[in-house]
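Remarks on the structure that follows.
The values are calculated or read from the model by the stated rules, or taken from the named source; none is laboratory data. As the structure is a prediction and not an experimental result, all values here were calculated from the model. Because the Cβ atoms are built from the backbone with ideal geometry, glycine has one as well, and the counts that use them run over all protein chains shown. Only protein heavy atoms, including side chains, enter the accessible area calculation; ligands, DNA and RNA are left aside. Shrake-Rupley method; radii C 1.70, N 1.55, O 1.52, S 1.80 Å.
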Amino acid sequence: MHLFLIASRRTRVGFQVNLATGLVHLHPPKHHVHAMSLVHEILAVSPDNVPALLAQGYIHQARKEWQHSKESFEKVVDVEPESHHALRAREESAWCETKMGQFDTAIDHFSAVLNVLETLEGKEADSARCLWRLGQTHWNRGDDAKGEAYTLFIRALKKDSSYAPAFTSLG
């Protein structure tokens with residue numbers, strides 16, 4: 001009976017994870033309140049659940065709660081430092097740093113993520129997004145960094161010619 005209860009709890013958490021992560025990305029932020037309540041339930045039972053931590057980070061991002069979002073993404077990196085989730089979490093954490101005005105730190109972190117992405121096959125869209133975000137960071141930093149931003153926007157388009165934000169940033 002004890003094993004049945006454990007299996008039942010794992011199954012319930014599994015369903016909650018699938019529902020929560022689906023709700024995070026379905027017409028954001030429409031379903032974020034429901035998704036966040038599921039995320040809280042999941043993390044109460046399984047505090048190192050990576051998909052739930054990612055969902056929590058994305059919800060905080062949508063709410064422009066940059067510090068909370070960064071903390072969620074950093075926890076993903078702590079839990080699974082070598083996974084593909086950690087790489088995306090590092091990028092999202094750097095984006096939070098950009099939004100909080102921590103431009104130099106963000107540039108360093110985006111550059112580290114980009115170095116890894118460029119060694120992986122099939123990650124052109126991810127590289128384009130990272131290059132665009134790095135460009136946005138340079139642009140927001142101001143002063144003479146705007147020339148570097150344009151170069152990064154062009155590099156993003158060379159990685160993925162259909163990456164719309166890079167076109168928009170070029171004007």
The lone condition residue 21 fails out of (1) open to solvent by less than 10 Å² (accessible area, probe 1.4 Å); (2) polar (S, T, N, Q); (3) at pLDDT below 95 is (1)
With criteria (1) open to solvent by 50 Å² or more (accessible area, probe 1.4 Å); (2) at pLDDT 95 or above; (3) on the phi > 0 side of the Ramachandran plot, residue 143 comes up short on (2)
- Can you confirm whether segment 1-18 contains a residue that is open to solvent by 80 Å² or more (accessible area, probe 1.4 Å), free of Cβ contacts under 8 Å to residues at least 60 places away in the same chain and not in a helix (DSSP H, G or I)? yes
Residue hits (segment 30-48; under 18 Å from the mean Cα position of the chain (by Cα) and surrounded by fewer than 15 Cβ atoms within 10 Å (Cβ to Cβ)) are 48
Given (1) within 9 Å of the chain's Cα centre (by Cα); (2) of a type in the set (Lys, Arg); (3) under 22 Å from residue 16 (Cβ atoms), residue 90 misses just (3)
